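Worksheet: one structure, shown below.
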Amino acid sequence: MSARDKISNPSGAATATASLPPSSKAHASRTPRNAPQPPPFADRFFERLIAFFTSLRLTVACLAFGLLLVFIGTLAQVEIGLYKAQNEFFRSFFVFWGPAGGSWKIPVFPGGYLLGGVLLLNLITSLCTRFSFNRKKSGIILVHIGLILLLLGQLLTDMLSVESGMQLYEGQTKNYSEDFRASELVVIDKTDPQFDTVYSIPEHKLTGTGEIRDHRLPFTVRVRKFWPNAVVVQPGANAPAGAIASGATAGQLKDALLMPQPVVASMEQRNTPGAVVELGAGKGSAGSFLVGYSIARENLTTISQDVTLDGRHYEVGLRFRRYYYPFNLTLLKATHEQYRGTDIPKNFASRVRVQNPDRNEARETAIYMNNPLRYGGLTFYQYQMMAGEAAEKAGLPPSSTFQVVRNPSWLTPYLSCILVALGLFVQFGSHLFDFVKRRTA
Amino acid sequence: MFCTLRRLASLRWPLLAALLAGCGRNDVQVYRVAKEQAPAQPQELARAQPGAMPPGHPDVSAAATTPELKWKLPAGWEEVAPGEMRLASFHVKGQSGKQADVGVFPLPGMAGSDLDNVNRWRGQVGLAPIAEAELAKLAQAVEIGAQSGQLYDLAGQNPSSGDKTRILAAILRREGMAWFFKMNGDDELVAKQKPAFVEFLKSLSFQAAQAAAALPPSHPPIDTSATPALGAAAAASDSGKPSWQVPPGWQETPGGQFLVAKFLIQGSETPPTSVNVSMSAGEGGGLVGNVNRWRGQLGLGQLSDTEINKLVTPVDTIGGKAMLIDMTGTDARTGQKARLVGAIVSQPERTWFYKLMGNDQIVAREKAAFTTFVQTARYP
C-alpha cells in the first residue's frame, strides 16, 4: 500500500481487507467475537467515494483527457466550425459519435463539462480532506483555491455571460443590443400612447408545438408549426423552388410562402426560425399568424404584423433577441481609416455618447481597437463598421456595430491567477526560508 | 467525514443561485419600453415592398452589402450624388435651361407589379391608369446589361406645373432584385435623349455585392470573433453544395438568393438559358406545388396531382430517385417562347431542385447533359 493510499484511507480496515491475499482473508473470517466490527456499509461507501475523488490518479487522468479533448476539439473545428466544436466537445458531458447519416450516437469520450466537473470535485475534496490548515500548507491551499476559482469562474462565464451586438447609424440612439444567434417571439401591446408592453417568448419555447403557458401573457399563444431555419418569400410563380405554404390563416403574411433551409451550425451563419402561432383561443382567437424573417438586399428583415384582440392593439413578430439596458448609447461619429493608397483597413473608431438618466450622467468616449467601453457591467468592443467610402458607395449613412459582452465573472480568471501566483510564492518562499534557516544553523 | 460533507454542502447556495440566474434568461419576459422612434437609417427596405411586407419594420439592418453597377456614361450626362433610394443619379441639360433627371433604383423582391409602377409613372405625367391587358402593348423590349427588360415611354403633362413631361422607365428583375432605370424631364429633351438612355441601359454591368468592412488584421482577439454579422443573411454556402461534373459550355455564375448554384449556357441569346439549382429543407412543397409554380413561370395553368404524375418521369440518380418534367410555354417575364426541364431529387431531410429554362432549341440541345448532370451529382 502506498503512502498516498494510507493518507486517503485513514481508517484502513475495509480497504486493507480487500487487498489481502486469499489465505489472509480466510484468516480474517475466523476473527474472535470481541474483535472490532467493520464500519457500516454507508460509511465504507462514502470513504471509497472520497478516496476516489481525492485520488491524484484522477487528477492526472482528468488532465490527460483534457489535453486530448482540447487537441481533438481543435482539430474538429476545421470540419464543423468553432461554434459547433465548442458545443460538441467543450459544452457537453460526453462527446458523441454516430455513423454518417445514421440516427443513433454513442458517447465515446468525456466532454468538457464532465472533465471540468470531476476536476473541480477532485480539487475541492482534496482540499477539504488532505490538507490541514496550517502555515506550512498555506501556499498549497492558496494554489488549490486559485484553481477551484478558475474552474468555477469558467463555469459561471459559460452559464451567465451573454454576447450580443449593437448596430448604430450615425446619430442613432439605442438602449438595447441584439443576440447574434437567438430569436424571440414578441407580442407588443401598442395601446398605450407612451409605452409599449413587450411580451417576449424565447425561441426555444417555440420548438415544440403546443400552448405556451404563462400567466403574464395577455392571451393564449399556441405554436402550430415551427421551422428552425426558414425565410419568408413572396408567393407567385417567381417564388423559389421548394417554397411552401405556411398554413397561416390571418395577418399580412397569410399568403406568403416559406423557404425552409437546413439548420446551420457555423459561426458565420445564423438560423432564422419561422413559426405559425395562433393568438388567443376558441372564439377569441385572432387566427394563426406566420412569423419569421425575410431577406431584403441580402440582409435579414424582421416583419411585424398588427393584431387587434380584446380591444387592444398588438404587434406580433419574430426578431433577434433583445437585451435592454438602463442607459442609451448614441453613435456620434464612425471613422474608418485605410492605409494610404490601399483598401486595407487601418483603424475603426466610434465616437459615442453614453447617457444614463438614472445617474444624471452623460459623457462622450471613443471605442476603437484595444479600447473597448466598459460600462454598466458590459463591455462594448468595436466589431464591424460601414463608414467612409464604403458607406458612400452604398448610399447609406455611416454605421458601427459593437459586440456587447456581459460577463459577471470576468474578474475570476485574474483573481485566480493572483491566488495561484501568491500560493506558489508562499510555498516556495517558505521552503527557501526553511532551507536558509537550516544552513545558517 | 461529516465535517467534509458539511464543507461541501456549504457551496450549494452559491451554485444554486448561479444556476437560477443562468436559467432565468430562458423564461417568458414582460417589460415596458418607451415607444421606439423611427430609425435614423433610410427606410427604403420598408417602402420597397409596399404590398408584400407590412409597415413598421423595427430597425432593419441594411448596412452590410449593396449591389454594385457599372456603366458607360453617355455624352452630355453628368453624374451627381445619388439621392435616397438611388444607386446612381445623373443630370442631363438641354437647351434653354431644360433639364432631365436619371435615376437608378435597385429594390428588393418584386417591388410591386409592373402595372402598379407604370400606372404610378403615368400619374406623374398626367395620364390615366391602364388595365393589365394594355400594359403589354406599351412595353418595349430593351437590353439591360445583356439581359432583357421592358422599357416604357410615357409622355404627358406635369400635373403640378402643366409643363410637357416625358418619362422613360425600364424595369429589370434579376436575382431577387427589381431594378428601375428612369429618365424624367422635359418632353422634347427626354425624347431626344432616348437613344442615349437605351445605350446607357445596354452598357450596364452588374457586379457582385460588396461585403461589409471586416475588422483590420491587427484587431485584438475577441471571445467570439467569428460571430455572424448582425442582420446579415446567410448566403448559400459552398459547404452544402453537391459535387458534380459541369457539362461543357456551362458557365457557373454567382447564384441569387436561395440558389445553391447557377449556370449560364454559353451561346444562348438574351435572355440567357440557365440552369438553377436550389435546395429546401424537408419536402420543399412537394412535386405538385413546385411543378405548378414552374408552369406559372411558363404561363401555363395549374394541374392536378394526377395530371402531374402522368407528366413526370422517374429517373435514377446517385442521390436517390428524381422526378423529371419537360414543359414548353411562354416565359412570363419576357413574353418569348421558352422551355423548362425540371428535376426534383427528394432525400430524407432535404429536397433538391434543378431547373433548365430558356430558349426551347437550346434547352432541347442541353437536355441530355442536364439529365446526366442531375444523375451524377453527389450530395454532401
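Taking the criterion of being under 21 Å from A:LEU119 (Cβ atoms) and either among the acidic types (Asp, Glu) or modelled with pLDDT under 90 (or both), the residues of the stretch A:60-89 that qualify are A:ALA85, A:GLN86, A:ASN87, A:GLU88.
Filtering the stretch A:219-230 for residues that are facing chain B (nearest Cβ under 9 Å) and among the basic types (Lys, Arg) leaves an empty set. Total residues in the stretch A:189-222 satisfying the condition of being surrounded by 21 or more Cβ atoms within 10 Å (Cβ to Cβ) and in a strand (DSSP E or B): the figure is 3. If you go through the stretch A:32-59 and pick out every residue that is among the basic types (Lys, Arg) and modelled with pLDDT under 80, you end up with 1.
Can you confirm whether A:TYR414 is touching a residue at least 40 places away in the same chain (Cβ under 8 Å), out of contact with any Pro (no Cβ under 9 Å at 6 or more places or on another chain) and not in a loop (DSSP other than H, G, I, E, B)? In short, no.
Each row is one residue, and each column tells you yes or no for (1) among the β-branched types (Val, Ile, Thr); (2) assigned by TED's automatic domain parsing to the domain that holds A:PRO398; (3) out of contact with any Cys (no Cβ under 9 Å at 6 or more places or on another chain); (4) under 20 Å from A:PRO397 (Cα atoms).
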{"position": "A:VAL277", "(1), (2), (3), (4)": "yes, no, yes, no"}
{"position": "A:GLY292", "(1), (2), (3), (4)": "no, no, yes, no"}
{"position": "A:ILE303", "(1), (2), (3), (4)": "yes, no, yes, no"}
{"position": "A:ARG312", "(1), (2), (3), (4)": "no, no, yes, no"}
{"position": "A:VAL316", "(1), (2), (3), (4)": "yes, no, yes, no"}
{"position": "A:LEU332", "(1), (2), (3), (4)": "no, yes, yes, yes"}
{"position": "A:ARG340", "(1), (2), (3), (4)": "no, yes, yes, no"}
{"position": "A:ILE344", "(1), (2), (3), (4)": "yes, yes, yes, no"}
{"position": "A:ASN347", "(1), (2), (3), (4)": "no, yes, yes, yes"}
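Do we have B:THR334 as among the β-branched types (Val, Ile, Thr) and more than 22 Å from B:SER148 (Cα to Cα) here? It is false that B:THR334 is among the β-branched types (Val, Ile, Thr) and more than 22 Å from B:SER148 (Cα to Cα).
Listed conditions (1) out of contact with any Pro (no Cβ under 6 Å at 6 or more places or on another chain); (2) outside any helix (DSSP H, G or I); (3) under 22 Å from A:PRO235 (Cα atoms) are all met by B:GLY289, apart from (2).
Every test in (1) in contact with a helix residue (DSSP H, G or I) (Cβ under 8 Å, 6 or more places away or on another chain); (2) within 11 Å of chain B (Cβ to nearest Cβ); (3) in contact (Cβ under 8 Å) with a residue 60 or more places away in the chain is passed by A:LEU120 save one, and that test is (3). Scanning the stretch A:56-77 for residues that are part of a strand (DSSP E or B) and within 30 Å of A:ARG130 (Cα to Cα) turns up nothing.
For (1) surrounded by 19 or more Cβ atoms within 10 Å (Cβ to Cβ); (2) modelled with pLDDT of 90 or more; (3) at the interface with chain B (Cβ under 8 Å from one of its Cβ atoms), each residue gets a yes or a no:
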site	(1), (2), (3)
A:PHE96	no, yes, no
A:PRO99	no, no, no
A:GLY102	no, no, no
A:TYR113	no, yes, no
A:GLY146	yes, yes, no
A:LEU168	yes, yes, no
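Taking the conditions (1) polar (S, T, N, Q); (2) more than 30 Å from A:LEU160 (Cβ to Cβ); (3) surrounded by 15 or more Cβ atoms within 10 Å (Cβ to Cβ); (4) within 13 Å of chain B (Cβ to nearest Cβ) in turn, A:SER55 satisfies each one other than (4). Screening the stretch A:349-408 for strands (runs of 3 or more DSSP E) wholly inside it with 1 or more residues that are away from chain B (no Cβ under 14 Å) returns the ranges A:361-368, A:373-375.
The residue that is farthest from B:VAL92 (Cα to Cα), among those in the stretch B:140-187 that are touching a residue at least 40 places away in the same chain (Cβ under 8 Å) and basic (Lys, Arg), is B:ARG174.
State yes or no: is A:ALA248 farther than 30 Å from A:PRO357 by Cβ, in the same structural domain as A:TYR314 (by TED's automatic domain parsing), surrounded by fewer than 23 Cβ atoms within 10 Å (Cβ to Cβ) and among the small types (Gly, Ala, Ser)?
The answer is no for A:ALA248.
Being over 28 Å from the mean Cα position of the chain (by Cα) and modelled with pLDDT of 80 or more is a condition met by no residue of the stretch B:205-216. Looking at B:GLY267, B:GLY249, B:GLY285, just one residue is out of contact with any helix residue (DSSP H, G or I) (no Cβ under 7 Å at 6 or more places or on another chain) and within 12 Å of another protein chain (Cβ to nearest Cβ), and that residue is B:GLY285. For the stretch A:235-245, the set of residues classified as more than 14 Å from B:ALA281 (Cα to Cα) and crowded, with 20+ Cβ neighbours inside 10 Å consists of A:ALA239 only. Residue count for the stretch A:156-201, restricted to those that are more than 26 Å from A:TYR375 (Cα to Cα) and either touching a residue at least 40 places away in the same chain (Cβ under 8 Å) or basic (Lys, Arg) (or both): 7. Listed conditions (1) under 26 Å from A:GLY81 (Cβ atoms); (2) more than 8 Å from chain B (Cβ to nearest Cβ); (3) surrounded by fewer than 20 Cβ atoms within 10 Å (Cβ to Cβ) are all met by A:LEU258, apart from (3). Within the stretch A:130-164, the only residue that satisfies the criterion of being hydroxyl-bearing (Ser, Thr, Tyr), in a helix (DSSP H, G or I) and under 26 Å from the mean Cα position of the chain (by Cα) is A:THR157.
When you look at A:LEU300, is it within 30 Å of B:ARG174 (Cβ to Cβ), more than 11 Å from chain B (Cβ to nearest Cβ) and in a strand (DSSP E or B), yes or no? Answer is no for this residue. All conditions but one from (1) closer than 25 Å to B:GLU307 by Cα; (2) crowded, with 16+ Cβ neighbours inside 10 Å; (3) modelled with pLDDT under 90; (4) among the charged types (D, E, K, R) apply to B:ARG339; the one that does not is (3).
All but one of (1) free of Cβ contacts under 8 Å to residues at least 40 places away in the same chain; (2) touching a Phe, Trp or Tyr at 6+ places or on another chain (Cβ under 7 Å); (3) more than 7 Å from chain B (Cβ to nearest Cβ) hold for A:PRO240, so report the exception by its number. The single condition A:PRO240 does not satisfy is (3). Which of the residues belonging to the stretch A:327-346 are within 30 Å of the chain's Cα centre (by Cα) and either surrounded by fewer than 20 Cβ atoms within 10 Å (Cβ to Cβ) or assigned to a loop (DSSP other than H, G, I, E, B) (or both)? The answer is A:PHE327, A:ASN328, A:THR330.
The values are calculated or read from the model by the stated rules, or taken from the named source; none is laboratory data. Since this is a predicted model, take the numbers as computed values, not measurements. Here Cβ is always computed from backbone atoms with ideal geometry, including for glycine, and neighbour counts include all displayed protein chains.
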